[in-house]
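The values are calculated or read from the model by the stated rules, or taken from the named source; none is laboratory data. What you see is a predicted model, and the numbers here were worked out from it, not measured in a lab. Here the Cβ positions follow ideal geometry from the backbone for every residue, glycine too, while neighbour counts run over all protein chains shown. Areas reflect the complete protein model, heavy atoms only, side chains present, ligands, DNA and RNA absent. Shrake-Rupley method; radii C 1.70, N 1.55, O 1.52, S 1.80 Å.
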Amino acid sequence: MADDCLFCRIAGGEIPAEMVATSDEALAFRDITPAAPTHVLVIPRAHWANVAEVAAAAPQTLVDMVRLAAEVADVEGVAGDGYRLVANTGPSAHQTVFHAHLHVLAGRSLTWPPG
Ligand code: AMP
Ligand code: ZN
């Protein structure tokens with residue numbers, strides 16, 4: 001756990017978040033600034049800076065994250081209609097929190113390509 005990392009502090013229970021689902025390796029909670037009717041973040045409990053680092057260091061954790069994202073889509077009732085997984089990686093992609101996360105976006109028609 002990194003003391004100065006927002007998502008480590010959420011994972012540690014120090015900062016509240018609205019949990020949607022959890023697994024052994026990951027947590028899913030609502031984004032504080034939703035960009036779609038369903039906007040949930042899936043993070044690993046342990047700290048890595050981005051999903052590529054998770055894939056390199058702990059591939060099973062990345063699998064767990066994607067499975068949890070699918071579970072979120074199920075419980076949110078959007079699995080049939082469709083959802084988007086986004087992993088902003090690096091500053092030009094507007095990654096602002098450098099603890100790996102997947103955005104689960106759904107509940108409206110999503111534009112393509114994203115801006
Ligand atoms: P990114 O820009 O891909 O790094 O995504 C970071 C996301 O974290 C943004 O969509 C923020 O709205 C979200 N966020 C920031 N602080 C919090 C928080 N305390 N609880 C939930 N989501 C947050
Ligand atoms: Zn962290």
Scan the stretch 93-114 for residues that are surrounded by fewer than 18 Cβ atoms within 10 Å (Cβ to Cβ) and more than 8 Å from ligand 1 (Cβ to nearest atom) and jot them down.
Gly107, Arg108, Ser109, Leu110, Thr111, Trp112, Pro113, Pro114
Those residues of the stretch 78-96 that are within 11 Å of the chain's Cα centre (by Cα) and part of a loop (DSSP other than H, G, I, E, B) come to a total of 2
Residues located in the stretch 65-94, provided they are within 16 Å of ligand 2 (Cβ to nearest atom) and within 18 Å of Phe29 (Cβ to Cβ):
Met65, Ala87, Asn88
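Here are Val40, Val20: which of them is open to solvent by 30 Å² or more (accessible area, probe 1.4 Å), within 13 Å of ligand 1 (Cβ to nearest atom), touching a residue at least 24 places away in the same chain (Cβ under 8 Å) and under 23 Å from Asp74 (Cα atoms)? Don't jump to the end; show me each part of the working.
Values: Val40 fails: open to solvent by 30 Å² or more (accessible area, probe 1.4 Å).
Result: Val20 is the single residue among Val40, Val20 that is open to solvent by 30 Å² or more (accessible area, probe 1.4 Å), within 13 Å of ligand 1 (Cβ to nearest atom), touching a residue at least 24 places away in the same chain (Cβ under 8 Å) and under 23 Å from Asp74 (Cα atoms).
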Note on Ala57: of the conditions (1) surrounded by 16 or more Cβ atoms within 10 Å (Cβ to Cβ); (2) under 23 Å from Arg9 (Cβ atoms); (3) aliphatic (A, V, I, L, M), unmet is (1)
